[in-house]
Structure formats: C-alpha cells, structure tokens
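S.K.: I have a structure here, written as structure tokens, and I will follow up with some questions on it.
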Amino acid sequence: MSNNILTQNWSPVDLVLSRLGLNNVKKVSGGYMARCPVHDDKNPSLSITEGDDGRVLLKCFAGCSTEEIVKALGLTMSDLFPPSSKPQKQRAAYVSTKPTYIYVNEEGKPLFGIIRTPQKKFEAVHPNGDGWAYGMGGANPTIYNLPKVIDAVNKGELVFVVEGEKDADNMAKVGLTATTNPFGAEKWKPEYADYLVGADVVIIPDNDEVGRRHAEQVARSLMGKAKRIRILELPNLPEKGDVSDWLAAGGTKEELLKLAEQAPLYKPKNGLSEEALNDDLPTIDASIKSLPEVSGQALSALMAANEIEPRLFLHAGPVRIEADEHGGLITVELDVDRMRYEMARTANWVATTPNGLKSSKPPIDVVRDVLVSPLKFPILENIVRVPIFAKDGTLQVEAGYSEKTRSYYAPPAGLSIPEVPKNPTKSDIEKAKYWILDELLVDFPFSSDADKSHAIALLLLPFCRSMIDGLTPLHFIEASGQGSGKGLLAKVLLSISCDSNVGIIPPPRDDEEIRKAITARLIEGRAAVLIDNVTRLDSPVLSAALTADIWDDRLLGKNKTIRLPINWIWAATGNNAIVSTDIARRSVRIRLTPEEEKPWLRQDFKHESLITWAKKMRSHLIWACLTLIQSWISAGRPQANVAPLGSFEEWTKVMGGILEHAEIQGFLGNIIEFYNTADTESGMWREFVNSWWDTFKDEKVKISDIFPIAEKIDGFDLGKGATERAQKTALGMKLKKMRDRIFDDKKICMAGTYNNATLWKLIKKGQK
C-alpha cells in the first residue's frame, strides 16, 4: 500500500477516490468521473471504473497515461489491484498536534491541514479517524477559507489573495475575506482560479521578488475568469514584509479598502491587458511545455463552448457545418486548419515570455493532439431547414441541434411558420389539403391517385423521417416524355422541406460512380438526395444502399473508412427510364402523363411561376405539411389499411397512416403496375431462356452454342461495339449472375466443364 494513509481495509477504488477528493468526484453510470490530476482539467475527463476482479480501471480522455495518473495520486500500479490475503503493514503515523491551518471543502469539512514545524517548514496532514496522519490523504489541494470565499464571490464582495495562511487569518480578524494556496509562494495552481470565477480580486504580494512573481502567477491564472484583477503593493513595507506586518504597524480595514480601490487594473508586463481578452473564455498558456496539460485545457475549453451552443459534431469523424456554393448547409471535416480556427475562438491563447505575456495562437502540435483525442461532440445525422417531428411525436421548433432527432435545424432567414394546432380540427385538415392539392399540385398531370399520393408522401416525408425506424424507398418521378414537369415537381416537393440542402447526383455511368456519389452526399449531411434525369436505373450498389441502415465505404485517396447511417430522403427523375426489378422493388412511382403532344407549350397554369409562388408561400405550405402529420399523431397514429411495402414496413405504417387519416386515396395502388412495367430485364431473360429451350431443350451447351440466340434478343446488352469474343465473355458473366434463376418454369444451371469451358443447361420444373 502507499505511504501516509491507514488503508488496510480499503478497496482499490476507495483508495483512488480518496486521493482524488470526494468533492471532485461525480458518480456516473458504471463508475465515476473526476478531474484528472495530471493536467489542468477544467471539466472532468478522468473515468474511474471497477473491473470484475476488483481492480481499478483509469481512463483520461485527454490522453494522460495510467502511469502518469497513478504517480500524480501518490500511488503505485499495485495499488490498483485488490490486496492479497497477506496482512498489510500500517505505514502511516498519527500526528499528536492539531494542524496550524486547516483547509476545508465547500461545506466546511476538513480536507487536509498544514503543520508549521519549529524549523519553519510546512508539512501536510489529513484527517484519519479521530486524529490526523501525515500526508494529503488523497485530498486535492484547494484554496484557504473556501466557504467564505464562495460566499464573498456570490455577494460581489472583494476577495483578497495573500501569500500565506497567517495573512489570511489576520485579514479575517479585521472583517475582510482573504485566501491563499497551500505550501507557500509560487505554488499556485491554475485550477485554483476556478473558485474565483466572476470575483473582484485584489492580490497583495509580499515585499520581495518572490512575492511579486507569485502575484503575477496568480493574476495570469485569473485572466478571463475573475471579473476584476488588481495587484496592491502596500506602502511602507519592510523588505520581505507582508500584509500582517502592515496591519500590525497600525493599518486599518478602511485604509486597506481605499488602497485596493485605487490599485490599477492588472496589466501583464508586456501590456496585454485583461480587456484584450474575452472575459467569457478561459485563458491557456501556449508556452507550457507539457503537451497533455495544454491539450487537456484546450479540449476542455472546446467541449465547454460546444456544450453551450453545439456547432461541432461527429459525422464520419469531427465536423462543423458550413454553407456550400448554393447556399445550402453541409458538414465539412475538422482538419487541422478548421480545428485551429475553432480552438482560437474558444479560449484566450497567450504565451509567457521574459517580458511577460503576449497574445498567441494554438500550437499546431496541440491542435493535432486534440484532433486525435476522444472528442465527445454530439452525433449529427443530417441538417434540416424546417421543423421536424421526433420519434416521440414532439416537434423540433428551436433552431440548433436536437439530441432527439440527431439533426441540426437551421431555418432560412425570415421563415415564419403559422402555429401548428396541437389537435387539428377537420377544418384545419381541409385547409392543409387545399394548400397541397388545390394550390401546389393542381397543375401536375398525375397518371393516377396513387401517383399523386406518392408525391404527397415525398412532400411530407422530410418532416417525419425521424419517426420512421428503418428504411424509406426511392421516390421515382417519371414522365412519358420531355416537358412533362417531372423536374419541376421534384424541385418543388424537395425545396419546400429541404431548401437548398438537396444533394444532386447526375445520371451515374456505373456502380463505382454512384458509390462515390452516395459517400460524398452522406458525408455532407444532406437531408435528401436526387438522382436526376436517369435513362436507366439498374445498379447493385444503389439497390444495396436503398435497403441498408448503415453505409460503409473507404474514402477516396485516404486510408480511412466511413460508417454512417442512411436516413435521408431518396428521389430520382427520368423519362420512361428502364428500371431493374431490384430497384423497382425498392421504389414507389410518381408518374406524369400529359395529354398534350408538346406539354412544354402549355400556358393555362394556376400559378405563372410555381417555384416563385411556392417560395413566397413556403411558410403556409410547411404549416400544411406539419398540420397533416400532427393530426395523425393527435389521433393516436392509426395505421393504414394497406399491405406493407417489403423492406419498408415502418415507412408504410407512418406515411400510409398519415395519408389515410387525411383521406388522401391511392397510396401504394400502382405497385404491381410499376413492377410489371419495370421488369424489362426479366422479360429479356424470359425470351432468351424460352428460345434456348426451343433450340436445345435440356442439352448441355457451351456459350458459343447459345450466343447466336442472345444476339437476336432486343435490348440484351452484350457490349455494343465489342468484339465477338468479348461479347461471349459478357454473356458468360451474365449467366453466372443468373445461375439457379427460374424464368417461367425453366432454371439456368451450370453443367460442369469441357476443355476448361463452362457448360450450361436448362432444367424444367419437375425435372432433376
């Protein structure tokens, strides 16, 4: 066991907690949190937990090692483990005399004492049972007369900082509040300044060089914390004289207060005044050589500022929110430059020089050290531009970060939404439907009620996405030809909820391109993504993304993998695009079918410019969306009488429930039709397989045997312009992907090899 304490019956965790001081320890789930004794810890960063075997586990989130922490506590590594069955030696001795000075906590309970020896040396003792024992006993050093100091600060009274306990006691005798630090001059610790936040402080140094250096040390630590700092050098003091000598020579309380009022505000030797610093920010000395100490202070300042108003988040790593070139908001990585910018604005950075203090910047090594520290920023999933409903049905109306939705609400300037009723009436619902159906969507030539209901579902979805546990489908806005209004519809539907925060993906050429695009948009924290103007939707990557909760990908050019939840809104547009079966199963269709040959020439629109009108009436349209959703919530969230869309059951319950409650008809009514029209790939394979059977029945065949059949199938892509050999290779690859697939009643099967070539055959249902 360690020196200076009677601990033979203590557990290791009790020993550690005693050394930290109970007043500095906070009980949390699974253990305790405390200020780390190694670095200047403004906010508790040391985790203390107990292992199954009774040993103590220490983790400093500022990066201090266990060995450093143990040493700072005056313990050894063996003290972290349960004692053996061998009897422990009593290594502390009781002190026969009462301490000369006693330091107490905020409640006045003794923490430790100071004994002044005949040799004018000072020794620490701590309470131990009914007496005192040598050593600190695990107590963290604090300032003298702490309860009186706290009371004076709260009342706005002067607090004097002197050089010794004797001086503080003599000041108390004349009715003044004074404090000091243990163990004499130049032993002031930066954390002592935390007790004097907002205080009106007067420092009285002893009349010698050591005293003046001590006063400067105290004053520097108080910069940015104390309300006012003054250093009072008393007149007519002998060499090495102190305030006790001044009082003994006839000085009075009234004289002292007058001198204090006349004392100038503290200015460091180089002229860096406290007014040059932000009073609301902590001050960090960048010249301190201990990287863990400076990094710990910087991290604490950063976290403290971010707790007040979150602006830094975790989103595939540490990020902050910035505007893109179109006025939308995106997340960007906190690299070294951005982190330095943030650190410079969450603390006053100074450096100690032979001539005093000077303004400084966060050192690059400190910035890098903070970047690799465990940053406990809020988790951000996306950025929203309108109020949204949380999972529990509450509406996020306050701008900023919401822990419930893990989203950042950044309303556009000037947006003023009418109050949404808690229990919307029938009249409220009809008014909301009027705004959407009779104003916003009135001129779009929807093919059916189902197509219109899916458009409304897309409009409403961003407002209630957080209420849906799980996936949402792709909303495919298609038209029979150009000029039908699909692009306008997509823009209007998404702009009302997402403003400029839509990630546009141009028609992807291949799977690799769409993978990169998805990763890029996810990193940006977009609320919605739009795959624009596609001619073909047939991507295994996109199919996988539509049914994935989490997206994993390696960043281009970096040895880094991101892992992010996919909870945005999916949309795509196209004119009679070819849609694969896999994509169709993960989509809902919104089809426009104009009756005019040249729809772009149409003039009889209700609103001359729908975009302009929608922008002007945006607050009312948002109100309409929120009202329909709130009406469903207040009604108890009734479920729709409709079969759920596979893999999107929760989406079906929420969106179908909202639409049915609002008496909007047609939801999911065109699903089968969409499947049938989208399954062009299956149709081509069905034609190919039936022609193959007609020619070869169940014979074993080579690729060269069936290649002429594949060539004749319209739309069967084998590589336009490629050589015959390359096309045969492409056919072989396609067959491998379709292995064991059944078309009509015939299964594609591998049938061994011949001369290193793969053989194939068809097996009809009922055959082996």
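S.K.: Based on this model, can you work out whether N140 counts as modelled with pLDDT under 95, polar (S, T, N, Q), out of contact with any Gly (no Cβ under 9 Å at 6 or more places or on another chain) and crowded, with 19+ Cβ neighbours inside 10 Å?
M.R.: No: the conditions fail for N140.
S.K.: Kindly indicate which of K166, K187 is within 18 Å of I102 (Cβ to Cβ) and free of Cβ contacts under 8 Å to residues at least 40 places away in the same chain.
M.R.: K187
S.K.: State whether the residues of segment 534-552 include one that is touching a Gly at 6+ places or on another chain (Cβ under 6 Å) and not assigned by TED's automatic domain parsing to the domain that holds L329.
M.R.: yes
S.K.: On to the next question. Which residues, taken from segment 34-65, are surrounded by fewer than 17 Cβ atoms within 10 Å (Cβ to Cβ), among the hydroxyl-bearing types (S, T, Y) and either touching a His at 6+ places or on another chain (Cβ under 8 Å) or farther than 12 Å from V16 by Cα (or both)?
M.R.: Matches in segment 34-65: S65 only.
S.K.: Within segment 441-484, count every residue that is modelled with pLDDT under 95, outside any loop (DSSP other than H, G, I, E, B) and among the small types (G, A, S).
M.R.: 2
S.K.: Go through (1) within 30 Å of P565 (Cα to Cα); (2) at pLDDT below 80 one by one and return the number of the condition L277 breaks.
M.R.: Unmet condition: (1).
S.K.: May I pose another question? Restricting to segment 290-320, name every residue that is among the aliphatic types (A, V, I, L, M), within 10 Å of L380 (Cβ to Cβ) and surrounded by fewer than 19 Cβ atoms within 10 Å (Cβ to Cβ).
M.R.: L314
S.K.: Suppose we filter segment 150-202 for residues that are in a loop (DSSP other than H, G, I, E, B), of a type in the set (D, E) and surrounded by fewer than 17 Cβ atoms within 10 Å (Cβ to Cβ); how many remain?
M.R.: Summing the residues that are in a loop (DSSP other than H, G, I, E, B), of a type in the set (D, E) and surrounded by fewer than 17 Cβ atoms within 10 Å (Cβ to Cβ) in segment 150-202 gives 2.
S.K.: Kindly evaluate E255 against the criterion of being at pLDDT 90 or above, assigned to a helix (DSSP H, G or I), closer than 22 Å to R212 by Cα and not hydrophobic (A, V, I, L, M, F, W, C).
M.R.: When the stated conditions are applied, E255 passes them.
S.K.: A further question on this structure: Exactly one of these conditions fails for R686: (1) in a helix (DSSP H, G or I); (2) within 30 Å of I629 (Cβ to Cβ); (3) in contact with a strand residue (DSSP E or B) (Cβ under 8 Å, 6 or more places away or on another chain). Give me its number.
M.R.: The failed condition is (2).
S.K.: For E191, state whether it is outside the structural domain of A34 (by TED's automatic domain parsing) and either modelled with pLDDT of 90 or more or over 39 Å from the mean Cα position of the chain (by Cα) (or both).
M.R.: No: the conditions fail for E191.
S.K.: Follow-up question, since we're still on this one. Of all residues in segment 237-261, which are surrounded by fewer than 11 Cβ atoms within 10 Å (Cβ to Cβ) and at positive phi?
M.R.: G250
S.K.: For segment 643-672, what are the residues that are touching an Asp or Glu at 6+ places or on another chain (Cβ under 9 Å) and assigned to a loop (DSSP other than H, G, I, E, B)?
M.R.: Residues satisfying the conditions are P644, I664, Q665, G666, F667, G669, N670.
S.K.: Here's another thing I want to ask about it. When both residues are 6+ apart or on different chains and their Cβ atoms are under 7 Å apart, which pairs have a first residue that lies in segment 601-627 and is modelled with pLDDT of 90 or more, and a second that is exposed (fewer than 12 other Cβ atoms within 10 Å of the Cβ)?
M.R.: That search, which allows pairs on different chains as well, returns S619/S416.
The values are calculated or read from the model by the stated rules, or taken from the named source; none is laboratory data. Every value quoted in this text rests on a predicted model; they were computed, and no experiment measured them. Here Cβ is always computed from backbone atoms with ideal geometry, including for glycine, and neighbour counts include all displayed protein chains.
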